[in-house]
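Remarks on the structure that follows.
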Amino acid sequence: MAEINEQTLSRKKIRQHICCLLYALSFYEEEAYDICIERYLNEQEITDASDRAYIRERACAVMAKRQEYDAMIDEKSDHWKAKRIARVDLAIIRLALYEMLEDETIPVSVAINEAVQLAKRYSSDASPAFVNGVLAQFADKDKED
């Protein structure tokens, strides 16, 4: 996977771009992802090749696991199924789950905190608590293993 170059965008900004891109991709069929990603990167004027590659690869990796993550959300949540969760919240949760389950360089607590911050920035007033509650279900599982 492409590395984040320290001279370019911050991890926080990269995460914001990935989240926005995941939200956008949720409206398209998989066949249109490449076009959507290129359009997003160009519109956001992300010119650094390593940033572009990292954002693309991370967004595609999360989307490749979206059905698995949605099934996990459905299993853990008694009242909220993935299909009923607002798309922006689902994008945030999917990204956090990827970071929690697939990226050993990001501590679980950081992934959850960053997800809550994204929810504060991009979603409704109730979303930060909701996102935190959903992700806490997975953090507890990690502690048991």
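The table that follows gives values for the structure above.
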read-out: Average accessible surface area per residue within the stretch 1-111, 1.4 Å rolling probe, Å²; value: 56 Å²
read-out: Magnitude of the charge dipole, the chain, Cβ model with Lys/Arg +1 and Asp/Glu -1, debye to 20; value: 520 debye
read-out: Rg to Rh quotient for the chain, alpha carbon positions, Kirkwood Rh; value: 0.95
read-out: GNM result for the chain, Cα springs below 10 Å: residue of E38, E68, E104 fluctuating most strongly; value: E104
read-out: Protein accessible area in the chain, 1.4 Å probe - carbon and sulfur %; value: 47 percent
read-out: Separation between Cα centres of the stretch 1-72 and the stretch 84-145, rounded to whole Å; value: 17 Å
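The values are calculated or read from the model by the stated rules, or taken from the named source; none is laboratory data. In this text the structure is predicted, and so the values were computed from the model without any measurement. With ideal geometry, Cβ positions are generated from the backbone for all residues, glycine too; neighbour counts draw on all protein chains shown. Just so you know, the surface numbers come from the protein's heavy atoms only, side chains and all, with ligands and any DNA or RNA stripped out. Shrake-Rupley method; radii C 1.70, N 1.55, O 1.52, S 1.80 Å.
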